[in-house]
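Reviewing the structure listed below.
Bear in mind that the values in this text are calculations on the coordinates, not laboratory data. Not measured: the values here are computed from a predicted model. Please note: Cβ atoms are built from the backbone with ideal geometry, for glycine as well, and neighbour counts cover all protein chains shown.
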Amino acid sequence: MNASATSDPLVEKFLQHLTLERRLSPRTIDAYRRDLADFLKWRPDQAQPNWARLQQAEIRSYAAQRHRQGLSAKSLQRRLAALRSFYRFLNREGLSKQNPALGIRAPKVKRKLPTTLDVDQLGQLLALPGSDPLDLRDQAIMELLYSSGLRLAELVSLDLHHLDRQDAMLEVTGKGGKTRRLPVGRKALEAIRHWLKARPELAKADETALFVSRQGRRLSARSVQSRLALRAREQGAPRHVHPHMLRHSFASHLLESSGDLRAVQELLGHADISTTQIYTHLDFQHLAEVYDQTHPRARKKK
């Protein structure tokens with residue numbers, strides 16, 4: 001079973017739905033394909049499943065066997081989620097009246113708190129020396145990642161017209177093709193201004209990307225990762241630094257200063273506030289305090 005097809009027509013139809021209607025990224029589509037292909041490959045008889053008659057016991061057996069084989073709880077959760085999403089699609093299309101993946105739980109995943117840099121460490125990291133075009137580009141990239149909490153994919157997909165320097169705003173396309181407008185801080189704007197003056201020395205005449213490589217074309221995600229790691233080492237960072245660490249730090253520092261969980265959720269582009277909770281190190285006690293202080297049915301009468 002190759003990476004480009006699952007040999008199951010209904011699965012392929014579902015993947016096409018995710019691509020054309022939900023506009024998910026190719027990387028996400030590939031993850032769904034791999035997860036569903038794994039279930040198809042696992043079936044003892046290797047036969048094409050009758051999705052409308054598949055029993056919950058089969059999916060439970062699949063989950064148990066994969067867990068015994070050493071599949072991590074996180075990976076197993078993702079595969080069960082793929083099956084649930086697939087069945088929601090089949091239900092919508094009238095191809096199945098059931099969702100046998102519902103109610104099957106994978107082992108709990110231990111939540112690993114994201115690694116962040118403190119304000120002093122970030123100050124040291126962002127104090128880059130040098131004034132050649134690559135220095136100015138790297139400075140602008142790092143400032144923007146921390147200023148606006150961008151995902152790596154969002155950063156490398158930016159075009160020149162996405163930045164409104166007059167209003168200090170940035171239009172970003174996030175997961176699922178959803179767009180949001182983000183403020184850009186003073187330091188980031190200043191770094192971008194210096195970069196834009198030097199950009200013509202590298203960029204091809206027809207290139208629209210905000211950040212370009214030595215070759216004058218759109219900078220790749222891998223290049224951003226390697227450049228950031230290199231710059232961090234040069235600046236004496238205490239640990240390996242990757243782009244998402246700046247996003248983590250953005251969220252954590254903003255929440256520490258404002259206490260506004262909902263605003264941080266909007267800025268990060270999270271659909272679910274529980275995701276924001278993980279990113280920003282919130283514990284249950286803090287959430288309870290926010291609830292007690294803000295919910296109309298929880299606040300004590302004065």
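Things worth noting here:
- For region 150-197, the equivalent ellipsoid derived from the alpha-carbon gyration tensor has semi-axes of 19, 11, 9 Å in decreasing order.
- Intensity falloff of region 23-68 expressed as log10 I(q)/I(0), Debye formula with alpha-carbon point scatterers, at q = 0.15 Å⁻¹: -0.47
- Considering only LEU15, ALA209, LEU102, and ranking their Cα positions along the charge dipole of the chain that arises from unit charges at the beta-carbon of Lys, Arg, Asp and Glu, the one farthest toward the positive end is LEU102.
- Calculated FRET value between ARG68 and LYS175, using beta carbons and R₀ = 22 Å, to 0.05: 0.10
- Projected-area mean, region 119-240, by convex hull of Cα positions, square nanometres: 7.6 nm²
- Across the chain, Cα-Cα pairs farther apart than 36 Å form 33% of the total.
- Translational diffusion of region 9-92, estimated by Stokes-Einstein from the Kirkwood radius over alpha carbon pairs at 37 °C in a medium of 0.692 mPa s, is 245 µm² per second.
- Pairs of alpha carbons in region 112-174 separated by more than 13 Å make up 71% of all such pairs.
- Cα gyration tensor shape for region 47-153, rounded if a/c is under 1.5, else prolate or oblate: prolate
- Placing pseudo-labels 7 Å out from each Cα toward the beta carbon at ARG233 and LEU40 gives an inter-label distance of 4.2 nm.
- FRET efficiency estimate (nearest 0.05) - Cβ-Cβ, GLN215 to HIS242, R0 30 angstrom: 0.80
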